[in-house]
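Where a number appears in this text, it was derived from the coordinates with a stated rule and is not lab data. Just so it is clear, the structure is predicted and the values come from calculations on it, not from any experiment. FYI the Cβ positions are ideal-geometry reconstructions off the backbone, even for glycines, and counts take in every protein chain you see.
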Amino acid sequence: MSMRSVLRDSVPTPVPTPAVTAAGGGSRRPAIGIDVEDLDIYYGDVQAVRGVTLAIPAQSVTAVIGPSGCGKSTFLRSLNRMHEVAPGARVDGTVRVDGRDLYAAGVDPVLVRREIGMVFQRPNPFPTMSIRDNVLAGVRLNGGRLKKDAAEAVVERSLRGANLWDEVKDRLNRPGAGLSGGQQQRLCIARAIAVEPQVLLMDEPCSALDPISTSAIEDLIGQLKSEYTIVIVTHNMQQAARVSDETAFFNLAGVGEPGQLVESGATTKIFSNPDNPSTEAYITGRFG
Ligand code: ADP
């Protein structure tokens with residue numbers, strides 16, 4: 001089911017999953033952008049993020065940067081309705097994907113989460129599940145019933161898409177836990193792209209990885225952006241400068257205050273000539 005149909009219909013309709021369509025040779029839909037307007041994010045009574053308005057362009061990488069605790073992860077999780085899994089968590093404002101509000105009445109958050117993929121800080125493959133079944137886990141969760149050949153096609157396409165195929169093609173039946181950390185993270189990316197989401201959210205995807213694996217993931221992000229809209233939270237300024245087209249700088253308005261978006265724009269501009277002095281101070285390592 002596509003994001004368009006998730007947002008149009010409040011109940012699942014019996015259309016083939018995108019992965020099934022793709023395995024049958026269909027062409028991908030173009031990636032879509034995200035429009036965030038006046039977004040406030042709360043944990044119970046505590047406001048974590050205030051008043052974010054941001055346009056995230058399609059088929060590009062947007063980096064979210066800022067000091068610890070300024071709400072980067074919280075903001076990222078609000079983009080696929082993962083935030084509200086925390087008790088008492090809620091948002092005010094709108095997040096439009098392809099022009100439709102993710103938070104409109106009748107939109108099923110479970111379907112949104114399946115359509116907007118997420119990759120976490122620590123690689124989290126299902127450890128005892130085989131590499132093949134890890135890739136197919138999301139497709140199966142989405143109710144896609146694949147014949148063996150179609151499933152093999154999804155596995156190969158996704159692992160190739162995650163730059164992992166050559167390393168694992170001879171051991172697809174071995175457990176995901178047998179891979180190195182960097183390979184596990186690419187397996188998680190393969191699992192996320194197997195369902196053909198249009199948006200991929202990445203929360204510090206390299207922070208637990210060595211430099212060589214980090215470089216492999218950064219190369220992969222550069223390749224994936226031609227097909228996906230990618231939002232990445234990172235603490236690493238060099239990484240933000242290397243992989244992103246757009247950068248959004250968040251900061252705390254003050255002690256105990258919510259995080260806010262200070263400025264956003266082309267990464268080249270934010271890193272060379274930011275409008276706000278606090279952006280420059282953060283980027284040059286003077287705080288955070
Ligand atoms: P960042 O990713 O920029 O480090 P976070 O989004 O993790 O920031 O946190 C923003 C604020 O929200 C912090 O004050 C943090 O303590 C709070 N917070 C994060 N997760 C939760 C949670 N599950 N329950 C309550 N408060 C939380």
**OP:** Classify segment 167-209 as rounded, prolate or oblate from the Cα gyration tensor: take a ≥ b ≥ c as the square roots of its eigenvalues, call it rounded if a/c is under 1.5, otherwise prolate when a/b beats b/c and oblate if not.
**Re:** oblate
**OP:** Report the charge-dipole magnitude of the chain in Debye, nearest 20, computed about the Cα centre from +1 at each Lys and Arg Cβ and -1 at each Asp and Glu Cβ.
**Re:** 1000 debye
Original post:
How high is the relative contact order of the chain, given as a whole-number percent (alpha carbon pairs under 8 Å, six or more residues apart)?
Top reply: 26 percent
**OP:** Return the lysines within reach of Lys148: Cα separation strictly under 23 angstrom, same-chain partners fewer than 8 residues apart disregarded; answer none if there are no such residues.
**Re:** Lys169
**OP:** With a 10 Å radius around each residue's Cβ, average the other Cβ atoms per peptide and rank 270-277, 241-248, highest first.
**Re:** 241-248, 270-277
**OP:** Pop the C-beta distance of Val46 and Asp219 into the FRET formula with R0 = 41 Å and round what comes out to the nearest 0.05.
**Re:** 0.60
Original post:
segment 188-202 to segment 217-242: how many Å between their Cα centroids?
Top reply: 13 Å
Original post:
Scattering from the C-alpha atoms of segment 143-288 alone, worked out with Debye: what is log10 I(q)/I(0) at q = 0.14 1/Å?
Top reply: -0.76
Subject >> On Cα atoms only, tilt of 181-194 relative to the major axis of the chain in degrees >> reply: 80 degrees
Subject >> Inter-label distance for Asp35 and Glu263, nm, one decimal - labels placed 7 Å from Cα along Cα-to-Cβ >> reply: 2.5 nm
Original post:
How long is the gain from Ala86 to Ser272 if the chain were fully straight, where each residue apart is worth 0.36 nm and the alpha carbon distance is subtracted?
Top reply: 63.2 nm
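Around Ala63, under 9 Å between beta carbons, what's the net of Lys plus Arg minus Asp minus Glu among the other residues? Kindly include the intermediate steps, with their values, before the conclusion.
Values: positive: none; negative: Asp245, Glu246.
Cβ neighbours under 9 Å give a net charge of -2.
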Subject >> Distant-in-sequence amide H partners of Met202 (H built 1.01 Å from N, under 5 Å) >> reply: Val119, Val231, Ile232, Val233
Subject >> Helix-only mean residue ellipticity at 222 nm for the chain, each DSSP H run of n ≥ 4 adding -39500 (n - 2.57), per residue, nearest 500 >> reply: -10000 deg cm²/dmol
**OP:** First check a/c for segment 37-188, with a ≥ b ≥ c the square roots of the eigenvalues of its C-alpha gyration tensor; if it is under 1.5, answer rounded, and if not, answer prolate when a/b is larger than b/c or oblate otherwise.
**Re:** prolate
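Could you give the length gained by full extension between Asp101 and Lys147, i.e. 0.36 nm per residue of separation minus their alpha carbon distance, to one decimal place?
13.1 nm
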Subject >> the chain: angle of helix 131-141 to the longest principal axis, Cα-based, in degrees nearest 10 >> reply: 80 degrees
